[in-house]
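Read-outs: derived from the displayed coordinates by stated rules, not from any lab. Computed from a prediction, not measured in an experiment: that's the story for all the values here. Cβ sites come from the backbone with ideal geometry, for glycine too, and all protein chains shown count toward neighbours.
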Amino acid sequence: MKAIEVEDLHHTYLDGTISLKGVSFSVKVNETFSVIGPNGAGKTTLLLALCGLIPFKGSIKIFDQVLNNRSIKEIRKNLGFVSQDPDDQLFMPNVYDDVAFGPKNLGFPEEEISEIVKEALQVVGLAGFETRSPHHLSFGEKKRVSLATVLSMKPKILLLDEPTSNLDPRSRREFIELLQRVKCTKIIVGHDLDMIVKTSQRVLLLNEGKKIAEGETLDILKNKELLEANGLELPGSF
Amino acid sequence: MHIPDGFLNTETIIITNAISFGFLIYAVKKVNRNLHPARIPLMGVTAAFIFTSQLLSFPLIGGTSFHLLGGVLISVLLGPFSGLIIMSTSLILQAILLQHGGILTLGANILNMGIGGCLLGYLIYKLFKSTLFGAAIAAWITIVLAAGLCAVELGISGRVPLKTALFSMSGAHILAGIAESLITFAVLSAISKIRPDLLALEKT
Amino acid sequence: MKHFYLDKYSYLDSPVHRIRPVIKIVASFAFLIYVIISPEKWWNYSIGFLGLLFLIFISKIPFSFVVKRTMVILPFLILVIIFIPFFNENGIKIAGLTFIKSFLSIITLILLTSTTKFSELLRALSSLGVPRIIILILSFMYRYFFVLVDELEKMLRAVKLRSFKNNRFKTFSILANIVGVLFIRSYERSERVYNAMSMRGFDGEIKKL
C-alpha cells in the first residue's frame, strides 16, 4: 500500500489560470517526499489539493482511500498540515490552546489532552511553553509550535509548506534536525534544496503545473541541467 | 464617544443594557442559525481589523484629524447582524482592556455606536439601493445620531443639561460625521477596485 | 510590535494574580454595581478607594500606569465640568461624584485585567455564560490585533519612504487605501486560518475552550 497515490491531478483557479496539468506521482509509507519547482509551479496548490482544501479533477488516494467530499473528514484525521506562515497556523491566544485544538476536535478526553500537549511541545524542544502567547514568540519558536499543533494529533502524514523559509541559520538547522527525528510519511514543499537533500528520499520536480521529473533525491538534485532548465539551481552543498 | 462608567444613572444603565443586549442576543441567535464554519474566523479577523483600523488618525481640514468608527463599513461588508456582533465585541474589548468606555455603560455605547451604526446605518444604505454613496450618507447620519444619543443619555442621567448638550454634541460631530462618511466611502472604493467580489460578502 | 502588551503586567506574580479569574470577574462586576447604586456618601467611596489602593499595592502594578489610564475619561470629564454652571450649586457635586465613580471603575478594571492573563479571562467569561461566538471573536481579535498592526505599520512605512510632500488630501486617500488593503489582507488571512482550523478537525461546532 502506498501512503499517497495521485493520478492525473488537474486544478484551475476561479480566474481561469490552470495551476496543475495532469500531475501523477506516488509516495511510499514513512517516506519523506519533497516537491520542488520555481515560483508558480503549482507546489502549494498540490499540497492544498492533497489536503482536500481546494477542488480538483483526477484521483488522490491516501492509504488506499479515495479522497472526496465524503471521505475527507476521516482522511484529515491522519493528516498534519503546517502552513508557511505560522500566524495562519497559530490562531488561539496561547500555545496550549493551539496545540490542544486538534486533539480536542479529535475527541480525546480532557484528562489526556494536557499530557498530549506536553509531549508534543517536548518533541519540538519547547517544553514549558504552554502559557506563552504566540505573538511574543520568535519566528523560529512560532514555526516549532506550528509543528507541535499537528504533531499532537499524531498524524500519519505530515504536509509542510516551506518549513525552513525565513528561519535564521541556527533555527533552520534545528528545524531540519527536528524533521529528521519525526518518523512518519512527510511531504515537503520548498525552495530550500539543501534542506531537501538532508531530509528527503525522493523528489518531485514541477514546472508550470506539469511533472517534469520524479525520482531519488540525489538523482534529481545533482542534475545541474535539469534544475537550471526549470528555474532552479544546484543546492549549495554540491 | 465611549461613555465611561460613572456618567450614567442607574435607570439609564438598565434600559440601555436591556435594549443592547437584547439586540445582541438576537443577532447571535440569527447568525448562529446559518453559520458556515468559515464565517467564524472571518468575523474574528475582521473584528481585529476594525479594532486596529480605529487606531488610525485621518487628517482632515484645518488641522483636525479623526478616527474611523466603522459601523457602516462593517455592515456593508459582512451584513448588519454580523456587523453588530463585531462592533459590540470591539467595544467590549476596548472597555475591558483599554478602559475606553465603561463596563456598565456598554449598553449605551453599543446602542449608540453598534446598533445605530450597524443596524440603522445598514437600513439607510439599503434605502439608497446599496450604493457607496448611500453608505457614505449612512455613515454621516450614524455618527451625528450616536453623538445625539450620547447627549440624551448623559442628560437623562443629570450629568449635562439635556437640550443644550443635545445640540452642542450633535453639532460638534457634524464634522466627525463627514470624516466617517469620507473614510467609509474611500475604503469601500479601494476594496471595490481590488476585490469587488468582497463587497458581496454579506450574502453568505 | 512584538513587545507591545495589551494585558500588561498580567505575567507578574502576586496574591491578586493568583486569585481565580471567575472570582475576580464576579467581584469586580459586583463592585461596579455597588459604586453605581450605593447612596452617594463620601465615606462609601473612601472605603472602596482605600481597598482598591491596597490591592493595587500588593499586585505590583505601577501607580503611574493607573494614573495614566485614568486620563482616558478626560474628554467626558471636561464635558461635565463645562456644564457645571447649568446646575448651579449642584454642579460641582455632580462633577465630583461622577469623577469618583469613574475613577473607581477604572481602577477596578485595571486590577482585573492586569492580574489576569487574557486567555484565562476568556475562559472565565465562557464559564460564566458568555456566548461562545463572542468568546471566539474576542479571542481572534486579541490574537490578530498584533499581526494586523504589524501589517499596518509596514504599509505606513512604505508610504512614508515614498512620499515627499505633505498633502493632507493625498494622505487621507492613501490611508483609506491602506485600510482597504488591510481589510482584503484580513479576509485572505481568515481563509488561510480557516484552512488550518479545518485541517485540525474544526467543523463549525464551537467546542469548549
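Each Cα pair under 8 Å and six or more residues apart adds its separation to the average, and for segment A:1-152 the resulting relative contact order is 20 percent.
For A:LYS118, a cut-off of 13 angstrom between C-alpha atoms picks up these aspartates and glutamates, skipping any fewer than 8 places away in its own chain: A:ASP97, A:ASP98, A:GLU130. Taking loop as defined by DSSP and a crowding limit of 16 other beta carbons within 10 Å, which trypsin sites (Lys or Arg not before Pro) in segment C:150-209 fit? Within segment C:150-209, the qualifying trypsin sites (Lys or Arg not before Pro) (loop, at most 16 other Cβ atoms within 10 Å) are C:LYS165, C:LYS207, C:LYS208. Rounded to whole Å, the principal axis extents of the Cα atoms in chain C read 56, 50, 29, largest first.
Global dimensions of the protein assembly as shown from alpha-carbon coordinates: Rg and Dmax equal 27.5, 93 Å. Computed from the C-beta positions of A:ARG132 and B:LEU162 and an R0 of 45 Å, the FRET efficiency is 0.35 to the nearest 0.05. Mean sequence separation of contacting Cα pairs (under 8 Å, at least six apart), scaled by the length of segment C:51-134, corresponds to a relative contact order of 32 percent. Taken about its Cα centre, segment A:123-238 carries a charge dipole of roughly 540 debye when the Cβ of each Lys and Arg holds +1 and the Cβ of each Asp and Glu holds -1. The reciprocal of the average 1/r between distinct C-alpha atoms defines the Kirkwood hydrodynamic radius, which for segment B:10-199 equals 16.9 Å. Mind counting lysine pairs for me in segment B:10-199? Cα separation below 30 Å, and the two need to be 8 or more apart along the chain or on different chains. So the count works out to 6. When shorter helices are ignored and each DSSP H run of at least 4 residues is given -39500 (n - 2.57), the per-residue value for chain A at 222 nm works out to -10000 deg cm²/dmol. Secondary-structure-derived ellipticity at 222 nm for chain B, considering helices only, amounts to -21500 deg cm²/dmol, per-run term -39500 (n - 2.57) for DSSP H runs with n ≥ 4.
A crude spin-label estimate for the pair C:ILE81 and A:GLU233, with each label 7 Å from Cα along the Cβ direction, gives 6.6 nm. Modelled this way, with points 7 Å down the Cα-to-C-beta line, the labels at C:GLU40 and A:ASN30 are 7.9 nm from one another. Expressed as a fraction of 2.2 N^0.38 Å, the value expected for a compact globular protein of N residues, the C-alpha radius of gyration of segment A:114-189 is 1.04.
Computed 3J(HN,Hα) for segment A:213-229, one whole-Hz value per residue from the Karplus formula 6.51 cos²θ - 1.76 cosθ + 1.60 where θ = phi - 60°, is 7, 9, x, 4, 3, 5, 4, 8, 7, 9, 8, 4, 4, 4, 5, 5, 5, glycine and proline marked x. Report the Stokes-Einstein translational diffusion coefficient (µm² s⁻¹, integer) for segment C:1-90, Rh taken as the Kirkwood radius over Cα pairs, at 20 °C with viscosity 1.002 mPa s. Value of D from the Cα-based Kirkwood radius: 133 µm²/s. Between C:PRO39, C:PRO21, C:LEU97, whose Cα lies farthest towards the positive end of the dipole of chain C when Lys and Arg beta carbons carry +1 and Asp and Glu beta carbons carry -1, centred on the Cα centre? Checking the options against the dipole of chain C, the answer is C:PRO21. Per residue of chain C, the DSSP helices (runs of n ≥ 4 H) give a summed -39500 (n - 2.57) that works out to -24500 deg cm²/dmol at 222 nm.
Could you work out the percent of alpha carbon pairs in segment B:136-192 separated by over 12 Å, rounded to a whole number? Counting every Cα pair in segment B:136-192, those more than 12 Å apart make up 63 percent. Exposure proxy for B:VAL45, C:VAL159, C:VAL80: other Cβ atoms within 10 Å of each Cβ, ordered fewest to most, give C:VAL159, C:VAL80, B:VAL45.
Placing a pseudo-label 7 Å from each Cα along the Cα-to-Cβ vector at B:LEU98 and B:GLU11 gives an inter-label distance of 3.3 nm.
A Cα-only calculation for segment B:1-82 places Rg and Dmax at 16.3, 48 Å.
Inter-chain Cβ neighbour count for A:126-138, averaged per residue, equals 3 (cutoff 10 Å, partner chain atoms only).
For the protein assembly as shown, the Cβ-based charge dipole about the Cα centre amounts to some 600 debye (Lys, Arg positive; Asp, Glu negative; other atoms uncharged). Basic side chains Lys and Arg get +1 at the Cβ, acidic Asp and Glu get -1 at the Cβ, and with that the dipole of chain A about its Cα centre reaches some 440 debye. Looking at segment C:107-209, the chymotrypsin sites (Phe, Trp or Tyr not before Pro) that sit in a DSSP loop and have at most 10 other Cβ atoms within 10 Å of their own Cβ are C:PHE164. The calculated FRET efficiency for the pair A:ILE18 and C:ARG20, based on their C-beta separation and a Förster distance of 41 Å, comes to about 0.10.
The value for chain A of Rg(Cα) / (2.2 N^0.38 Å) is 1.01. Starting from the Cα coordinates of segment C:131-199, work out the convex hull volume and express it per residue in Å³. It comes to 98 Å³ per residue, whole-number rounded. If R0 is taken as 41 Å, the Cβ-Cβ distance between B:LEU199 and C:MET71 corresponds to a FRET efficiency of 0.55.
Please give the average number of partner chain Cβ atoms lying within 10 Å of the Cβ of each residue in B:89-101, rounded to a whole number.
6
Counting Cβ atoms of other protein chains within 10 Å of each Cβ in B:152-161 and taking the mean gives 3. Averaging the sequence gap over all C-alpha pairs within less than 8 Å and six or more residues apart, then dividing by the number of residues, gives chain B a relative contact order of 26 percent. Ordering A:ASN94, A:ILE72, A:ILE116 by the projection of their Cα atoms onto the charge dipole of segment A:51-141, which places +1 on the Cβ of Lys and Arg and -1 on the Cβ of Asp and Glu, puts A:ILE72 at the extreme positive end. Under the combined filter of DSSP loop state and at most 12 neighbouring Cβ atoms within 10 Å, segment A:132-193 retains these trypsin sites (Lys or Arg not before Pro): A:LYS183.
Share of pairwise Cα-Cα distances greater than 23 Å in segment A:13-126 is 44 percent (whole percent).
In the protein assembly as shown, taking the dipole from charged Cβ atoms about the Cα centre, the farthest positive-side position among A:GLY42, C:LEU148, C:LEU50 is held by C:LEU50.
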